[in-house]
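One structure is given below, encoded as structure tokens.
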Amino acid sequence: MIKNICCIGAGYVGGPTMAVIAQKCPHIKVTVVDLNQDRINAWNHEDLSLLPIYEPGLDTVVGEARGRNLFFSTEVDKAIDEADAIFISVNTPTKTYGVGKGMAADLKYIELCARQIARVAKSDKIVIEKSTLPVRTAQAIKDILDHTGNGVNFQILSNPEFLAEGTAIEDLFAPDRVLIGGDTSPEGQKAIQKLVDVYANWVNRDNILTTNVWSSELSKLTANAFLAQRVSSINAMSELCEKTGADVNEVAKAIGLDSRIGSKFLKSSVGFGGSCFQKDILNLVYIAKSYGLNEVADYWEQVIIMNDHQKRRFSKNIISTLYNTVSGKKIAFLGWAFKKDTNDTRESAAIYVADDLISEQANVAVFDPKVEADQIHFDLNYLETRSDSENKKYIAIESNGYDACKNAHAIAILTEWDEFKSYDWQKIYDNMLKPAFVFDGRNLLDGEKLEKIGFIYQAIGK
Ligand code: UDX
Ligand code: ADP
């Protein structure tokens, strides 16, 4: 029986997942470790509204379990030593150098974890891949553990996380399924069962699926690729809708009622963001290419190409609608996060749209209810289009939406935060330069109402 869990990586996946395991399994000690002292300090912060990650409901879960059987620490070796099961939940960004640059997943953090586990472990351990990884990574982890370890036995499991940010706690409480992949040997099956028993504390056993390791690893990539593909598919139709007079929301509703298609994930937008979709598809494309499967690779790459096109055409449309020049014009951004209810901005469409507009010398004023100013500066600088001081000349971060929109020529909705819907749009209109434009990248607002006020309103796919 698993009694002591260590999770390496206190990020968006490791933090909430372990908090829920600890809350649901008071008999298991769960220690989440990270090299980043600031992050650990934030997880240990007395004020639960200052946790490093914003997720609805997370504060309650952490508040209940922290100090009881949930601990956050930087003492990685100690936690590894004490654990029966170790989750690896570190970041696997797209490689920015060498072979596979821009496509393959960078596994250096994973390898470092494996080496650290091998060095420290003095008793048998179950090592669980939680981060999304290329198929067959488990083999690499196993090789490292078996060849550099202290002769103890390691079982490697794949247990990908399907939670979506913003609904992480809900998703963890009631997952559609839990997937656990392991070795087909009797020892592998035993390890799988031990992890099944952990989840069975709150998940119906029928919803816990067990497979071989490779199926589990590939299922995660496949799930993300299919989800992203749906968004790119509806976004491709949105452009056609704009040309033909069809309304993408009506089309989405009409096709979504077909039970074979289903209604979820058909919301047309300025483009998908987040840490997973692009990275995982690029990774899939890279793997397919490495096996010489060029048609498979090209097929999936198109999902990314479409998404890049969607972001770019949103900014192009703003520029052309504002009489082909945005130089010196103030454009308000409502939202910066890659979707609502999260402070995560990784790959957010807002970053790319802002970059395009700044290249045209627009003054961009951003308000996001959860994203810090430093993060917005970091995101723009990360693109390396221009220097930090140059970016700062063009971007202003406001502490509320009304100030962001004041004296603006146009408003762009980049994130579908609920609060934007309940703004006093008449007041915003009164304080803007005329004609006042709204470019709704999320199909969030009531266009008819805005047009009655006097706005010129444009939404994706209409
Ligand atoms: C995704 C997967 O959903 C999750 O299962 C996996 O574990 C991690 O990757 P996440 O990135 O948190 O989760 O968010 P998700 O809700 O999938 O949204 C991704 C992006 O697609 C967001 O930018 C979102 O705004 C966009 N999106 C989603 C749309 O534009 N339209 C939709 O209909 C759905
Ligand atoms: P994810 O979205 O996959 O959770 P994050 O970047 O939010 O990714 O979190 C990954 C965390 O893993 C980071 O906080 C990082 O500091 C941590 N990390 C990376 N490598 C190690 C390591 N070798 N030991 C401990 N923590 C690590």
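The values are calculated or read from the model by the stated rules, or taken from the named source; none is laboratory data. Every value quoted in this text rests on a predicted model; they were computed, and no experiment measured them. Glycine gets a Cβ as well: all are built from the backbone with ideal geometry, and neighbour counts include every protein chain shown.
The set of residues from segment 96-116 being over 22 Å from Trp214 (Cα atoms) and either within 16 Å of ligand 2 (Cβ to nearest atom) or at pLDDT 95 or above (or both) comprises Thr96, Gln116. Within segment 148-189, if we keep just the residues that are of a type outside the set (A, V, I, L, M) and free of Cβ contacts under 8 Å to residues at least 12 places away in the same chain, the residue that is farthest from ligand 2 (Cβ to nearest atom) turns out to be Pro186.
Apart from one condition, Ala228 fits all of (1) within 16 Å of ligand 1 (Cβ to nearest atom); (2) within 21 Å of Lys462 (Cα to Cα); the exception is (2). Is there a residue being in contact with an Asp or Glu (Cβ under 9 Å, 6 or more places away or on another chain) and within 16 Å of ligand 1 (Cβ to nearest atom) anywhere in segment 106-127? Looking through segment 106-127, none of the residues is in contact with an Asp or Glu (Cβ under 9 Å, 6 or more places away or on another chain) and within 16 Å of ligand 1 (Cβ to nearest atom).
If you filter segment 336-352 down to residues that are within 16 Å of ligand 2 (Cβ to nearest atom) and hydroxyl-bearing (Ser, Thr, Tyr), you find that the one that is nearest to Ser269 (Cα to Cα) is Ser348. Among the residues making up segment 292-339, those that are in a loop (DSSP other than H, G, I, E, B) and either crowded, with 19+ Cβ neighbours inside 10 Å or modelled with pLDDT under 95 (or both) are Leu322, Val326, Lys329, Gly335, Trp336, Ala337, Phe338, Lys339.
Look at Lys190 and say whether it is crowded, with 18+ Cβ neighbours inside 10 Å, in a helix (DSSP H, G or I) and of a type in the set (Lys, Arg). So Lys190 does not fit the description; no. Just name the residue that is nearest to Arg442 (Cα to Cα) out of those in segment 348-388 that are over 21 Å from the mean Cα position of the chain (by Cα) and among the hydroxyl-bearing types (Ser, Thr, Tyr). Among those that are over 21 Å from the mean Cα position of the chain (by Cα) and among the hydroxyl-bearing types (Ser, Thr, Tyr), it is Ser359.
Annotation: Leu357 fulfils all but one of (1) under 13 Å from Ser315 (Cα atoms); (2) within 16 Å of ligand 1 (Cβ to nearest atom); (3) surrounded by 23 or more Cβ atoms within 10 Å (Cβ to Cβ); the unmet one is (2). For segment 159-166, the condition holds for no residue, the condition being that it is touching a Pro at 6+ places or on another chain (Cβ under 6 Å), under 29 Å from Gln116 (Cβ atoms) and at pLDDT 95 or above. Could you please let me know if Leu163 is outside the structural domain of Glu416 (by the TED database), touching a helix residue (DSSP H, G or I) at 6+ places or on another chain (Cβ under 7 Å) and part of a loop (DSSP other than H, G, I, E, B)? When the stated conditions are applied, Leu163 passes them.
Considering the conditions (1) surrounded by fewer than 20 Cβ atoms within 10 Å (Cβ to Cβ); (2) under 28 Å from Ser232 (Cβ atoms), Asp388 is excluded by exactly one of them, (2).
Of the listed requirements (1) assigned to a loop (DSSP other than H, G, I, E, B); (2) closer than 30 Å to Glu419 by Cβ; (3) away from ligand 1 (no atom under 13 Å from the Cβ); (4) among the charged types (D, E, K, R), Asp258 misses just one: (2).
Of the residues that sit in segment 340-349 and are in contact with an Asp or Glu (Cβ under 8 Å, 6 or more places away or on another chain) and surrounded by 21 or more Cβ atoms within 10 Å (Cβ to Cβ), which one is nearest to Glu242 (Cα to Cα)? Only one residue fits best here, namely Ser348.
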